[in-house]
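Working notes, structure below.
We did not get these values from a lab; they are worked out from the coordinates using the rules stated. The structure presented is a predicted model; accordingly, all values stated were derived computationally and were not measured. Here the Cβ positions follow ideal geometry from the backbone for every residue, glycine too, while neighbour counts run over all protein chains shown.
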Amino acid sequence: MEASHDTIHTKPNASNTAASDVFFDNLGKIFLAAIGLLVATLVRSYMGTNGRNRMRELLMEQASLDPLEIEDLRVANSEFDLPVFHEIIKELEEAFPHQTSITYSEFVNQVRQTMKRLKGDAFTIQLGHLLDRVVLEIQQDQGRSSQDPEPIALWMTVLSLALYSPVPERMQALFQVMQATASSNNDVNGSDSSSTGPAVVTMQDVRAMVGYLQCSHQLVPDAQVVATDEKFPIQKYAKGKPEDLFEWDGNETDEIDVDAFADVLRSTAVCAWGECYHRRK
């Protein structure tokens, strides 16, 4: 006995057929729309990149010193090493106890006295007019005059431009500057200054130091260019503030040691003296 086979015939779904017809009828328009979207994306990306490059070039043009001048400044001051830098910090603390800010003239006079005491009249900062140029630009940018006091840490950061030392020693020198400044701040705020040992450096101190390095043009332009909140129709870029350049997962009052400080300076987000490029190599 043979089993019967029933053939089931289904009719095409009218809605599926209509949708298929609409797709094929508009295939050209869909293709053009996709191409248009791709072109718009590429143009937006291209213009955004150009905007970032323009900001980087602007920062390079605004720098009061170019890399070659900084190199000349350091070579000309081959005797200005880490021990001399440390001695200047020490005598500044002695000359201006409980003070965090002094005028540039007061700073220069004290530096000259220390250097003269160490190695005689001939020992002074060579090509010092380059440092004066940096200071003048900082004062103009902040709307300040030469008679206005500024943080000692700022003046020492500017002076570090002439420091003839390898990068690790330069980082150590700046860390000691922060310790000296933190110690002065503790005295001013009424903290116990009788405690022994170096002062605690916090992330807040590190951010301030990054700002001093930025205004003295010791950060590469690429690291200073940050994206703004204006993303449409084209991503906009601006010169970042110290709080914009890098993120910290902890609190601003977290204690920072010299190794963590060095990691911040070597990061691609800060890239002091182009160290992030050397690290990449």
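Taking 45 Å as R0, compute the FRET efficiency from the Cβ-Cβ separation of Ser145 and Glu94 and round it to 0.05. Numbers along the way, then the final one.
Numbers: r = 27 Å, r/R0 = 0.60.
E(calc), rounded to 0.05, equals 0.95.
Gain in length, His86 to Glu57, computed as 0.36 nm per residue apart minus the alpha-carbon separation, to one decimal in nm?
Details: separation 29, 0.36 × 29 = 10.44 nm, distance 3.55 nm.
Using 0.36 nm per residue and subtracting the Cα-Cα distance, I get 6.9 nm.
Simple rule: put +1 on each Lys or Arg Cβ and -1 on each Asp or Glu Cβ in the range 230-281, find the dipole, and look at Ala269, Leu245, Pro233; the Cα lying farthest toward the positive end is Pro233. Protection proxy ranking of 243-252, 263-272, by the mean of other Cβ atoms within 10 Å over each peptide's residues and highest first, is 263-272, 243-252. Using a simple spin-label model with points 7 Å from Cα along the Cα→Cβ vector, what separation in nm is obtained for Glu243 and Arg117? According to this spin-label approximation, the distance is 3.9 nm.
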